[in-house]
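The values are calculated or read from the model by the stated rules, or taken from the named source; none is laboratory data. Predicted, not measured: the structure shown is a model, and the values here were computed from it. No Cβ is skipped: glycine too gets one built from the backbone with ideal geometry, and neighbour counts run over all protein chains shown.
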């Protein structure tokens, strides 16, 4: 094996094991001791979400949120943990159980992502009614007057990301977009209708954005991607939190990732 599936690590009381906002995909199992899990809201206030003890697991949300640590974890006592390499899941993906386990894990991951985001939004003081509005989206519209939606590449880098296609028509909703990964096990945790090619250092998150259809029109939703998105001049850079904007009829300029990445598209509604 080119890597170890797991290793042990010791921490002293007060040590920071993982820090909110950093990138990592390792999963931790507590062998002895305990930890405090803390989270900061958008105003900078930190609150304790839970205390974990021997046998508990933390860091698993990193797989769901594309490697972005959602909590700061501090050793409450002297601590021993077992750290699991995420590539261990590649074995599961490649096994004969994949047709059965993959859709279950994908659904489970999506639900964790939704609950975690709602939990964060409620702590930020966003009314629950506004959060629930996002559940009113519909899927396909086959009526004769249904509008068409296209994603068009505007730069050479965007063209490469779009597999050499100048533009594609989006025919089903929600239409989820994320980064293609050579590590096949990523598909266990990130289900997309379109996988964009990217290069290191990555600008596209594995679950980056979605195009949604509501009765009053179409919407763009950033999934709390690490480097964010810019739609119609509005920046959405809020790792771990969804941002939602309505698309206008006509052209909607879209940039994803850092400006230097040159990943520029146009979302066209007509």
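Does residue 270 qualify as being at pLDDT below 90 and surrounded by fewer than 22 Cβ atoms within 10 Å (Cβ to Cβ)? Here the answer is no, as residue 270 does not meet what is asked.
Evaluating residue 159 against the criteria (1) in contact with a strand residue (DSSP E or B) (Cβ under 7 Å, 6 or more places away or on another chain); (2) modelled with pLDDT under 95; (3) not in a loop (DSSP other than H, G, I, E, B) leaves one unmet condition, (2).
Is it the case that residue 209 is surrounded by 14 or more Cβ atoms within 10 Å (Cβ to Cβ), under 29 Å from residue 93 (Cα atoms) and in contact with a strand residue (DSSP E or B) (Cβ under 7 Å, 6 or more places away or on another chain)? Considered against the rule, which asks whether it is surrounded by 14 or more Cβ atoms within 10 Å (Cβ to Cβ), under 29 Å from residue 93 (Cα atoms) and in contact with a strand residue (DSSP E or B) (Cβ under 7 Å, 6 or more places away or on another chain), residue 209 comes out as yes.
Results for (1) surrounded by fewer than 20 Cβ atoms within 10 Å (Cβ to Cβ); (2) out of contact with any strand residue (DSSP E or B) (no Cβ under 6 Å at 6 or more places or on another chain); (3) within 30 Å of residue 71 (Cβ to Cβ), shown as yes or no for each residue.
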| site | (1), (2), (3) |
| --- | --- |
| 190 | no, no, yes |
| 216 | yes, yes, no |
| 235 | yes, yes, yes |
| 246 | yes, no, no |
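With respect to residue 73, is the statement that it is more than 24 Å from residue 225 (Cα to Cα), in contact with a strand residue (DSSP E or B) (Cβ under 6 Å, 6 or more places away or on another chain) and either at pLDDT 70 or above or buried (at least 16 other Cβ atoms within 10 Å of the Cβ) (or both) true? Criteria not met by residue 73.
Taking the condition over 16 Å from residue 178 (Cα atoms), assigned to a strand (DSSP E or B) and assigned by TED's automatic domain parsing to the domain that holds residue 186, does residue 230 pass? Spell out how you get there, then give the answer.
Details: over 16 Å from residue 178 (Cα atoms): no; assigned to a strand (DSSP E or B): yes; assigned by TED's automatic domain parsing to the domain that holds residue 186: yes.
In short, no.
Reported count of residues in region 235-270, each being over 21 Å from residue 161 (Cα atoms), under 14 Å from the mean Cα position of the chain (by Cα) and assigned to a loop (DSSP other than H, G, I, E, B), is 5.
Here residue 28 clears all of (1) more than 23 Å from residue 189 (Cβ to Cβ); (2) in a strand (DSSP E or B) except the condition numbered (1). Scanning region 7-41 for residues that are exposed (fewer than 13 other Cβ atoms within 10 Å of the Cβ) and within 21 Å of residue 87 (Cβ to Cβ), we see that the one that is modelled with the lowest pLDDT is 22.
The residue that is surrounded by the fewest Cβ atoms within 10 Å (Cβ to Cβ), among those in region 176-188 that are at pLDDT below 90 and assigned to a loop (DSSP other than H, G, I, E, B), is 182.
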